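The values are calculated or read from the model by the stated rules, or taken from the named source; none is laboratory data. Just so it is clear, the model here is predicted, and its values are computed rather than measured. Positions of Cβ are generated from backbone atoms using ideal geometry, with glycine treated the same way; all protein chains shown enter the neighbour counts. When the accessible area is computed, the model is the full protein with side chains, heavy atoms only, and any ligands, DNA or RNA have been set aside. Shrake-Rupley method; radii C 1.70, N 1.55, O 1.52, S 1.80 Å.
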Amino acid sequence: QVQLVESGGGLVQPGGSLRLSCVVSGTLFSIGTMGWYRQAPGKQRDLVATITSGEITNYIDSVKGRFTISRDDRKNTVYLQMNSLKPEDTAVYYCNVKILLGNYWGQGIQVTVSS
């Protein structure tokens, strides 16, 4: 059974940094596109960034230049380095991976940006 476990969230002041990690276990197959989504209170879950198996990245405009997505396929892990954090980045962040025809989600991790 495929499982995704996120870590690295927490409370940070505006302008600070956090690094999210998501470790994927329970698969014998190569992982396709990996990504991060976020959901703020009262809002829908939105895409933040994705990275393909060929390491092509895509970001929403509001995080370009501040966030960096990367992956380590030897560790089945995807990262999201978040710099210059703003209060509007506050949300629950979810890891997502695609394996063959499956689409898998982590349990979510809270990121709060506040002074």
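Overview of results
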read-out	value
Given charges at beta-carbon only (K, R positive; D, E negative), |dipole| of the chain in Debye	20 debye
Theoretical gain in end-to-end length, Gln13 to Trp105 [0.36 nm per residue, Cα-Cα removed]	30.4 nm
Relative pair counts by distance (%), Cα atoms of the chain, 5 Å bins	2, 12, 24, 26, 19, 10, 5, 1, 0
Mean separation of Cα contacts under 8 Å, 6 or more apart, over the residue count of the chain: relative contact order %	36 percent
Surface per residue (accessible, 1.4 Å probe) for the chain, Å²	55 Å²
Length-normalised contact order of segment 6-60 in % [C-alpha pairs under 8 Å, at least 6 apart]	23 percent
Segment 1-53: Cα Rg divided by the 2.2 N^0.38 Å rule of thumb	1.37
Rg [Å, one decimal], Dmax [Å, integer] - segment 27-93, C-alpha atoms	12.7, 39
Accessible-area composition of segment 21-115, carbon plus sulfur, in percent [1.4 Å probe]	51 percent
